[in-house]
Amino acid sequence: MKRYSAFAVAREALRNHTGWNRAWVKPTQPKKKYDAIIVGAGGHGLATAYYLGKNFGITNVAILEKGWLGGGNTGRNTTIIRSNYLQDPSAAIYEKSRSLYETMSQDLNYNVMFSPRGVIMLAQTQAEIRGYKRTAHANALQGVTTEWIEPARVKELVPIMNIDGPRYPVLGGLWQARGGTARHDAVAWGYARACSEMGMDVIQQCEVTGVRTSAGKVVGVDTSKGPIDCDKLGMVVAGHASVLAEKAGFRLPMESVSLQALVSEPIKPCMDVVVMANTVHGYMSQSDKGEMVIGGGTDGYNNYTQRGSFHHIEETVRALVETFPMIARLKMLRQWGGIVDVTGDRSPILSKTPVDGIFVNCGWGTGGFKAIPGSGWAMAELIAKGQSPLTEEFNMFRFREGKFIDESVAAGVAH
Ligand code: FAD
Ligand code: PYC
């Protein structure tokens, strides 16, 4: 596998930072009709379009975005990638995704800065020990490489951690050595550029305001740039999924809520793995620029603010100071929020809908960045062939039938 030099990584970081890389996507106006329209140019929408072209040769496709490329949760997340989920259907799609991240830069010819530095989920209660040991056993059966590690090994991996914390000492952890991070904007821009090169239209500043149907089948959408016809429609709009579904005449079992994150001033390298501490509601990694990237739980009430409430920052920082005392001296640089789409079983929806020709991909909640390539791969198959082994169990009708895919432990972020 190709390895990038430190120079290539630094050059790519600069190009991403300045927006230079985004300029590769050709500006375009909508055509009258497409074989497929994908609503939402976040990672999942773009990856869906990309694999429609790459795996099925369907390129008469438009991706419609009301804002800008990756301006939703894809460009707002803390980029943690892992596949240590409990249930078999989850492990299949998240591990497919993680493995696609390994070769994404080569596949897209675009450096997404995938960094498999390892992810630890700390156990700080007896219940977490049981939960994570159970996950490690399930992962062994699923072919996902994870292991339970003892506190001494945690300390070896993360010397800055205080494992004897006053409230919740570290009792061990679930370790996934090939988990890690990637550059979020680059994932969106890499897919967008590849879609554009295949002849697809990536249309920004184009909000879908209505969905047109005839005899129970989709025929097109109304947008802020006028009506556009299509044979198939993929709704991939995360926190706005229920709003768009309503325009097509059906409801989704989903709630939208704000999740926030913050970064510190940049400091010298001090932590080369990702740490999640779910009992105390905090997680942290260090970015390539040296900032400590920090997040916590979701707001406790539904909202569309892209801000997050103040008490959560306080709670998150308090928890992390306990676990990493040295961060008490850091200044925080900025804070932001995203609107995450949360289902009752904390698993996504990739599904046909009651309207013929409309497909929905949503419900990734606090954890969909890691799933972008696997979800796009599976969703493209669902749209092209009407079924996919990776999406079967994630259909929206499972809530009516009681076939939940419970991932409340693996979700990793309190909600
Ligand atoms: P988005 O990127 O939100 O894309 C949806 C797009 O649809 C948006 O660009 C929006 O503008 C557009 N849209 C909406 N309505 C319309 C309309 N009517 N017409 C046209 N366009 C429309 N996941 C992880 O795996 N690891 C993490 O570490 C992680 N951390 C997170 C931290 C935070 C603070 C947040 C907010 C999320 C985090 N997530 C994480 C979750 C992850 O970001 C999301 O699950 C994922 O990015 C969802 O991608 P998406 O493409 O579905 O949605
Ligand atoms: O799903 O791993 C995750 C995650 C970490 C932070 C937010 N989501």
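The values are calculated or read from the model by the stated rules, or taken from the named source; none is laboratory data. Because the structure is predicted, anything quoted here is derived from the model rather than measured. Every residue, glycine among them, receives a Cβ derived from its backbone with ideal geometry; neighbour counts consider all protein chains shown. These area figures cover heavy atoms from the full protein model, side chains too; ligands, DNA and RNA do not enter into them. Shrake-Rupley method; radii C 1.70, N 1.55, O 1.52, S 1.80 Å.
In terms of solvent-accessible area of protein heavy atoms at a 1.4 angstrom probe, what is the ranking of Met121, Met332, highest value first? Don't skip to the answer; put the middle values down first.
Values: Met121 0, Met332 75 Å².
Result of the area sort, largest leading: Met332, Met121.
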Problem - Residue with peak Gaussian network fluctuation, the chain [Cα springs, cutoff 10 Å], from Tyr304, Tyr51, Tyr191 - result: Tyr304
Practice task
For the chain, report the convex hull volume of the alpha-carbon atoms normalised per residue, in Å³, without decimals.
Solution key: 131
Completion exercise
Note, Val257: beta-carbon cut-off 9 Å, +1 each Lys/Arg, -1 each Asp/Glu, net -3
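Across the range 102-146, how large is the tail of the calculated P(r) beyond 15 Å, expressed as a percent of all Cα pairs?
Numbers: 606 of 990 pairs.
Here the tail beyond 15 Å accounts for 61 percent of pairs.
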Practice task
Please arrange Trp189, Trp68 by accessible surface area, largest first, computed with a 1.4 Å probe and ligands excluded.
Solution key: Trp68, Trp189
Exercise for the section: Could you order Arg76, Arg193 by accessible surface area, starting with the largest, using a probe radius of 1.4 Å? Expected result: Arg76, Arg193
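For the pair Glu147 and Arg318, what calculated FRET efficiency results from E = 1/(1 + (r/R0)^6), where r is the Cβ-Cβ distance and R0 = 30 Å, to the nearest 0.05? Don't jump to the answer; show the numbers that get you there.
Values: r = 30 Å, r/R0 = 1.00.
Calculated transfer efficiency: 0.50.
Roughly how many percent of the accessible protein surface of the range 246-289 is carbon and sulfur, given a 1.4 Å probe and a whole-percent answer?
Details: 910 of 1860 Å².
Answer for the range 246-289 is 49 percent, counting heavy atoms of protein chains only.
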Completion exercise
Taking the chain and counting helices only, DSSP H stretches of n ≥ 4 at -39,500 (n - 2.57) each over all residues, the nearest-500 ellipticity at 222 nm comes to -9000 deg cm²/dmol
Exercise for the section: Starting from the Cα-Cα distance between Glu197 and Ala177, subtract it from 0.36 nm times their residue separation and give me the gain in nm to one decimal. Expected result: 3.8 nm
Practice task
Starting from one equal scatterer on each C-alpha and no solvent at all, send me the Debye-based log10 I(q)/I(0) for the range 224-335 at q = 0.13, 0.14, 0.16 Å⁻¹, two decimals.
Solution key: -0.64, -0.69, -0.80
Practice task
Enter the accessible area of His137 (Å², nearest 10), with the probe set to 1.4 Å and all protein chains included.
Solution key: 130
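Counting only protein heavy atoms and a 1.4 Å probe, tell me what percentage of the range 32-168's accessible area is made up of carbon and sulfur. Intermediate values should be presented prior to the final figure.
Numbers: 2710 of 5210 Å².
Percent of accessible area from carbon and sulfur atoms in the range 32-168: 52.
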Problem - Gyration tensor (alpha-carbon) shape descriptor, the range 29-69, a/c threshold 1.5 - result: oblate
Practice task
Kindly write out, for the range 267-272 in residue order, the coupling ³J(HN,Hα) from the Karplus curve 6.51 cos²θ - 1.76 cosθ + 1.60 (θ = phi - 60°), rounded to whole Hz, with x marking Gly and Pro.
Solution key: 9, 4, x, 9, 8, 10
Exercise for the section: Mind checking which of Gly239, Ala182, Ile228 is farthest towards the positive end of the range 178-318's charge dipole, using Cβ charges of +1 (Lys, Arg) and -1 (Asp, Glu) about the Cα centre? Expected result: Ile228
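Counting only heavy atoms of protein chains, what accessible area per residue, in Å², does the chain have with a probe of 1.4 Å? Could you put the intermediate results ahead of the total?
Values: 17120 Å² over 415 residues.
Normalised by residue count, the accessible surface of the chain is 41 Å².
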Exercise for the section: Would you mind classifying the range 63-201 by shape? Square roots of the alpha carbon gyration tensor eigenvalues, ordered a ≥ b ≥ c; an a/c under 1.5 is rounded, otherwise it is prolate if a/b is larger than b/c and oblate if not. Expected result: prolate
Handout entry: Cα coordinate range in the range 157-199, projected on the principal axes (Å, largest first)
Key = 57, 17, 16
Practice task
Let me know the shape class of the range 367-415, please: from the alpha-carbon gyration tensor, a ≥ b ≥ c as square roots of the eigenvalues, rounded when a/c is under 1.5, otherwise prolate if a/b is greater than b/c, or oblate.
Solution key: oblate
Handout entry: log₁₀ of I(q)/I(0) at q = 0.13, 0.20, 0.24 Å⁻¹ - the range 150-258, Debye sum with one point per alpha carbon
Key = -0.75, -1.17, -1.32
Handout entry: Probe 1.4 Å - accessible area at Trp377, Å² to nearest ten
Key = 70
Practice task
Run the 1.4 Å probe and let me know the accessible area of Glu314, rounded to the nearest 10 Å².
Solution key: 100
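Beyond 23 Å between alpha-carbons counts as too far, so tell me which of Lys33/Lys225; Lys31/Lys96; Lys96/Lys268 fall in that bin.
Values: Lys33/Lys225 13 Å; Lys31/Lys96 34 Å; Lys96/Lys268 34 Å.
Lys31/Lys96; Lys96/Lys268, as the Cα separations exceed 23 Å there.
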Handout entry: Among the listed pairs Lys54/Lys289; Lys217/Lys370; Lys232/Lys385; Lys232/Lys352, those beyond 22 Å (Cα-Cα)
Key = Lys54/Lys289; Lys217/Lys370
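Taking 0.36 nm per residue of separation and subtracting the Cα-Cα distance, what length does fully extending Asp272 through Met332 add?
Values: separation 60, 0.36 × 60 = 21.60 nm, distance 1.97 nm.
Length gained, Asp272 through Met332: 19.6 nm.
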Problem - For the range 286-396, radius of gyration divided by Kirkwood radius, i.e. Rg to Rh on alpha-carbons - result: 1.10
